[in-house]
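The values are calculated or read from the model by the stated rules, or taken from the named source; none is laboratory data. These numbers were taken from a predicted model, which means no experiment stands behind them. Note that we place each Cβ from the backbone using ideal geometry, even for glycine, and neighbour counts take in every protein chain shown.
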Amino acid sequence: MSSGEQRVTRILETLRSGDDRAGEELLPLVYDELRALARARLARTPPGNTLQPTALVHEAYMRLIGEEDPGWENRAHFFGAAAQAMRDILVEQARRKATLKRGGGRRAIDLDHAEPAIESPVIDMLALDEALRSLEASEPRAHQVVMLHFFAGLTMEQTAQAVGVSERTAAREWRYARAKLKKELDGGSLPGVGAGEEGEL
Amino acid sequence: MSGAGADSAREIFDRAVELDAEGRRRLLDERCAGNMALRAEVEELLRCDDEMSTGFLGADAGAVAAASGLIPSEDDDVGATIGRYRLIRRLGAGGFGVVYLAEQTEPVRRSVALKVIKLGMDTRSVVARFEAERQALAMMDHPHVARVYDAGATAQGRPYFVMEHVPGVPITAHCDGSRLDVESRLRLFMQVCGAVQHAHQKGIIHRDLKPSNIMVTEVDDDAEVKVIDFGVAKAIDTTGAGMTRFTEMGQVVGTPEYMSPEQAGAAGTGMDVVDTRTDIYSLGVVLYELITGAPPFESQSLRPGGLLELQRRIREDEAPRPSVRASSLGDSAAEAAALRRLEPAEHRRLLRGDLDWIVMRAMEKDPARRYASASELSQDLERHLSSEPVLARPPSAGYRASKFVRRHRAGVAAATVAALAMLAGAAALTVGMVRAVSAEASAREARDAEIEQRRLAEARLIEAEEARRRAAQAAEETEAVNAFLLNDLLASVRPEEARGRNVTVAEALGNAAERVGDAFRDQPALEATVRNAIGNTYRSLSDYESAVMHLRAALELRRKVEPVDLNQVSFAANNLAIVLRQLGRLDEAIELYHEAMELRRAQTDGYDADLVALLHNYSAALLTLNRWEDAEQVVLESVDGHLEVFGEEHAATGMTYTNMGRVLRGMGRHEEAIEWFSRSVTIMRSVHGDDHPATGTAVNFLGTAYLQSGMNEEAVPLLEECIEIYRRVLGPEHISLGIAMQHLGDAYLRMQRYEDAAPFLHESHRIAHSSLPPDHTIARGADYYLGQLKSATSLYEEAEGLFLQCYSLTPEQRYDTRADLALSLTTLYERWEREEEASRWRERIEHYERLQAGGTEGDS
């Protein structure tokens, strides 16, 4: 059992006993794990390729929690933290790219800290971050659904369970949130993510 | 929450996304009237929503993540060339290997999809088998068939296939992504049938039809089907029986749910059992999933070691019918229905019947019993869509019963036959017209009874659904029960036995009831099932005493069965309680509801449709007894449960809201009651539309609640609307119409608008007295209100006659009603200036008020 895994297990134990403060410890832990994981994966990935953020979250879950079933409530805590961590990472990545484009901050990038290219949605992450903030203020539940479904990659069913609503309600929140975010982002140029051609063998 | 503007934009948006373009326009016209900013905001949101169903934020990030390998494959060779093809990028990966988008330069320049099969196959024989079929494949020329161009071996010796590049998504993903309704799904599926039919005519069998091989591309707003991978399965399938789906570890790597029974049976035997009817089976499974929301046998439950178990299930287990499957989807039922723009109950109803039988025919275990061709399947769907009778037929008891009846038509009365066929088929019985419950029922109770009847009808549907589900689980049991019903029940109406008499349902039932104990000696579970069916049939015939006898026996039997099936016990208890309630034996009913509820709770943590129906019935019984505090507890739970199971936009939820309102009204909390009644009205309007008795009833409750709070101005338009609805949907003689008219007349009397009140009170009086005995509470109410009108408009003699008649028919113990009448008469004689009579009646007021204060039973 890795030390990270032990710590997460302990934090989840604490959460189970009803101490919500333990949740705050979870975020940095998951964040570090996700970044480390992304770096490690990328080292073995040919240049130009990217990693799926949600797949990373799931792998982090497997590493930190493993086979043990921590119960739904705790799983919800984990994915809540993971979603936030993934969003932070993507925003950082976007911010760094923006800085690079403007030609500044070159010194800040050295090889050790070269961030893994996690496949960012083909949208303006910074604008999305902004839009999410305003969504969180006006429709906290819709925001929560986006975090869990989009950034942590939970299925709609799992998202609904984590939020504690029916699947139908979760789907409704998701649909509204998507439209609302798109509307906010539409001010800028938004190429949209191609659905991608999926050919399965 | 932000300001009111944003809130209502959200609300309107949530409703609008469920509607088509025309519905959206109407909703916006109605809800955004005069508020252009709001309208613009909602329209913008809807536009964004439309654009996004395929793009922005992905359709389902989770699913994509789950399906994609996190680690790119080691020999990911984008940019490399294979044969004449240059790999451009990876399109996806699956159990067999990797698919690339590739560019062909010679002899023509085009984009193609190139599939490289993973190592472990005998490349030479794969390519050889492909070559053998290449001629036939080349002859396929159909808009919905993707062409297969080439096959070969890579430098590493792995086989690859080159085919038309189809930029699209699997048919299931397309349908759900676009939230296609069932008809659109059927239309799309018929394109698939066309493609498969074409291939079959050219002698090509697909062998591996499944959603991921049926792609949909959008061409100029039209959805086009392309069936891919023709010829591939055969080439790589060494056994001809789908064995390549399993690796040497025995792990299921493909999608075995679509495999036919003959493929499952021959797996590993090396026999090639596949013919065109194998594809028909797989088409049936795809159709099943498209309309239901899930395949018949779930693969998630299949463990790696469970391969044999899977094969066994595909070979032997009868798949649940789509409508049954849809109702057993649990939490995802609502989502599955919503993806088809339906409510869960509508979804089940839509699948029941034709579509059930069409799918099951395509999926027959015996290939000879399936549709002979894909076009035959397609034609049956076309018949269904144009409401013509379909070829597929239910192999049910009801069907056998109907054949029996055809053979013996002469001696069997039509009604008898219908009832027996329903009984045998466990079909839902339509609940008859509203009956006045008992002479002493209050006006309110009569209205409750009407709601109850409807509730009952719904409960019957749930019950029938339940019966079907159980039947599907225990085919053996069904067989035994049906055999009994056919032999002992229908046999008794054989022409030779009936000897020309008109055998009634009751008679036939009586015969069956006598024999049931002997027929199922030592088989308590079967006896319980039959007794339940008999009891419910008695109930629908309004023979409540006999119904109670059989339903109670069924309950006792269920308690005795080892091991005890708590669900069955609770089911039986609920059935018995329904009848006891109709008999007015409320205390017994409540006890049973309580028991049934506890049993249900011991079974499951959450709510399900059964439990919430139970809660609703339970609360209704408590309400009838005016046990407000107890009722409140149960209704609160019932509301929670309904919201969880059905969501807010559902008729059943609306009815629990009504019950909540009734509880609060009973507790004197009128303002809160009005709130719940209004919410119920909103729901009923949106679920049933304005022209529905349930909407009328909800409107009536709201209107009378306003009336009781003295808010006459608010009450009038609602009561008027209720009368309009009742007149249209229930007809001009219906007692509910009479009651609603009484309320409206009452409102006008309170507002001293006597001319407006007159027509309603006269008409209500006529309706009540033409269909009810004069001492019925509603008939007496009609006298009372008409009397008030006459008294107020100086028609003293008429008023006197009405009041006195009413008084003499009112039971002595109804102190409150009698006090009220004494007051009315006192006022009348005062107006009439007949002091002597006035003072006599004044004394009676005091007399009855004293009795009332004495704490004896009151008539609220």
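Below, the figures for the structure above:
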| item | result |
| --- | --- |
| Residue satisfying condition, being within 7 Å of chain B (Cβ to nearest Cβ), crowded, with 19+ Cβ neighbours inside 10 Å and under 22 Å from residue B:333 (Cβ atoms), within set A:162, A:171 | A:171 |
| Count - residues of the stretch B:644-689 that are farther than 27 Å from residue B:725 by Cα and either of a type outside the set (Gly, Ala, Ser) or crowded, with 17+ Cβ neighbours inside 10 Å (or both) | 4 |
| Residue that is of a type in the set (A, V, I, L, M) and under 22 Å from residue B:642 (Cα atoms), where the choices are B:614, B:557, B:583 | B:614 |
| Options B:49, B:76; residue that is within 28 Å of residue A:61 (Cβ to Cβ), at pLDDT below 85 and facing chain A (nearest Cβ under 7 Å) | B:76 |
| When residues of the stretch B:150-169 are limited to those that are hydrophobic (A, V, I, L, M, F, W, C), modelled with pLDDT of 75 or more and out of contact with any Pro (no Cβ under 9 Å at 6 or more places or on another chain), the one nearest to residue B:140 (Cα to Cα) | B:163 |
| Whichever residue in the stretch A:129-144 is in contact with a helix residue (DSSP H, G or I) (Cβ under 8 Å, 6 or more places away or on another chain) and hydrophobic (A, V, I, L, M, F, W, C) and, among such residues, is nearest to the other protein chains (Cβ to nearest Cβ) | A:142 |
| Residue list for the stretch B:757-801, filter: of a type in the set (Phe, Trp, Tyr) and within 47 Å of the chain's Cα centre (by Cα) | B:760, B:784, B:785 |
| Counted residues, the stretch B:340-379 - those being over 30 Å from residue B:644 (Cβ atoms), among the small types (Gly, Ala, Ser) and surrounded by fewer than 22 Cβ atoms within 10 Å (Cβ to Cβ) | 5 |
| Subset of the stretch B:595-625 (residues that are among the polar types (S, T, N, Q) and in contact (Cβ under 8 Å) with a residue 60 or more places away in the chain) | B:617, B:624 |
| Some residue of the stretch A:113-126 being part of a helix (DSSP H, G or I), facing another protein chain (nearest Cβ under 9 Å), touching a helix residue (DSSP H, G or I) at 6+ places or on another chain (Cβ under 6 Å) and modelled with pLDDT of 50 or more | no |
| Restricting the stretch A:145-159 to residues that are touching a residue at least 12 places away in the same chain (Cβ under 8 Å) and assigned to a loop (DSSP other than H, G, I, E, B), the residue that is farthest from the other protein chains (Cβ to nearest Cβ) | A:152 |
